[in-house]
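Novice: Just dropping this structure here.
Please treat every number below as a calculation from the coordinates, not as lab data. The structure presented is a predicted model; accordingly, all values stated were derived computationally and were not measured. Here the Cβ positions follow ideal geometry from the backbone for every residue, glycine too, while neighbour counts run over all protein chains shown.
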Amino acid sequence: MTDYGVVTRNAEEVAWSAFDRGFYEVKDVTGRSAEPLADATSMVSCFADNAAAESNPDLVPVDAAGDPATRDREYFDWAHVCPTNPDYRAGLLEIVEDCAAVAPDVRLDDVGFPREGFCHCDRCDRLFAESEYDDRGAWRASVITGFVADAADRVPGDLSLAVHPDPYPGHLFDRSGVDIEALAAHVDRFVAPLYDTAYGTTHWLETIAKGFESRLSGVDAALSVELYAVDVDVDALVGAIEVASAYADEVTLGYDASQAAAALRRMRADEREGVTHGDASGAE
């Protein structure tokens, strides 16, 4: 049976009866912070932080040419922080610990290196040279797995980890240093954000969700699919929820609790009345 949750920055929305679980942003990519809530799963954006990067450019990862991973450059929607920075890592783990002291479940977002080719700061070059690894990709994965393991030690409940929405074997490893098999030893759930502003067709949604279901079939971790709810037509959102529910045991809806609740009410009413919205491919 699929559970349905809401992702929100508004504290009052996490307790709405339409949702099985509320996810509350305690730290987001802008650097904005909020106090954790006792009745919500705390969400912590880890190595994406516009405010930190702008206030201290030395935190920003660089590629081999010295170009930084900042939001004013192509391919980056926000500024990144180098995952090997010890002070920033310690601060993140303190946030995770504070969240877990209020509510047992925590979700980590934006965990990993920014893209392929990062990071080549002096610290990363030194740590790689001093490491046991000959392959830089394997070393990057060890950095990320080590951070998540440290976070998991501080989380008494379920630990969720959001990943880039690309289930193709090897892509997350090469892109971000995310090693699904290694991380599954520390993570209870992987979250795939499959965002669209319309969901006019859902064949792509089904393909990616099915890909993640297959990708996780050999590991002991659940799958959550996160959908975007802002200004999305209710019927279209219902169709997307139904597709995602076929592959994930949890579907979360982001950043418009009213629209998300309306879609869930419509879906549940349609189920009682036997109404369908087309097949899983999105065809009408």
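Novice: Run lengths n ≥ 4 of DSSP H only: what is the helix-derived mean residue ellipticity at 222 nm for the chain, with -39500 (n - 2.57) per run over all residues, to the nearest 500?
Specialist: -11000 deg cm²/dmol
Novice: Explain nothing, just the number: relative contact order of the chain, from Cα pairs under 8 Å at least 6 residues apart, as a whole percent.
Specialist: On the way: 560 pairs, mean separation 48.4, N = 284.
Computed value for the chain: 17 percent relative contact order.
Novice: Normalized C-alpha radius of gyration of segment 78-146, against 2.2 N^0.38 Å?
Specialist: 1.24
Novice: Against the longest principal axis of the chain, how steep is helix 86-102, in degrees 0 to 90 to the nearest 10, with axes from Cα atoms?
Specialist: 40
Novice: What are the semi-axes of the equivalent ellipsoid of segment 44-120, taken as the square roots of 5 times the eigenvalues of the Cα gyration tensor, listed largest first and rounded to whole Å?
Specialist: Taking √(5λ) for each eigenvalue gives 24, 12, 11 Å, largest first.
Novice: For segment 120-198, state which GluC sites (Glu not before Pro) are in a DSSP loop and have at most 14 other beta carbons lying within 10 Å of their beta carbon.
Specialist: On the way: sites: E130, E132, E181; in loops: E132.
Sites meeting the loop and neighbour criteria: E132.
Novice: If you don't mind, another one. Could you work out the per residue convex hull volume over the alpha carbons of segment 1-90, in cubic angstrom?
Specialist: That works out to 144 Å³ per residue.
Novice: Treating each Cα of segment 106-222 as an identical point scatterer and ignoring solvent, apply the Debye formula and state log10 I(q)/I(0) at q = 0.13 Å⁻¹.
Specialist: -0.55
Novice: Which angle between 0 and 90 degrees, to the nearest 10, do you get for helix 234-245 versus the longest principal axis of the chain when only C-alpha atoms count?
Specialist: Helix 234-245 and the main axis of the chain meet at about 60 degrees.
Novice: Then there's this: Could you tell me the extents of segment 1-152's C-alpha atoms along the three principal axes, largest first, rounded to whole Å?
Specialist: Rounded to whole Å, the extents work out to 51, 33, 29 Å.
Novice: Pairwise over distinct Cα atoms, reciprocal of the mean inverse distance: report the Kirkwood radius of the chain in Å, one decimal place.
Specialist: Result for the chain stands at 19.5 Å.
Novice: Relative contact order of segment 147-284: what whole-number percent is it, with Cα pairs under 8 angstrom and at least 6 residues apart?
Specialist: Values: 210 pairs, mean separation 31.6, N = 138.
Contact order relative to length: 23 percent.
Novice: Among DSSP beta bridges whose residues both lie in the chain, state the antiparallel percentage, nearest 5.
Specialist: Working: 3 of 36 bridges.
Percent antiparallel among DSSP bridges in the chain is about 10.
Novice: Dipole magnitude of the chain about its Cα centre, charges +1 at Lys/Arg Cβ and -1 at Asp/Glu Cβ only, in debye to the nearest 20? Mind showing how you got there, number by number?
Specialist: Working: 22 positive and 55 negative charges, 10 e Å.
Dipole magnitude for the chain comes out near 40 debye.
Novice: If I fit a long axis through the Cα atoms of helix 136-152 and take the longest principal axis of the Cα atoms of the chain, what angle between them do I get, 0 to 90°, rounded to 10?
Specialist: Around 60 degrees separate the two axes.
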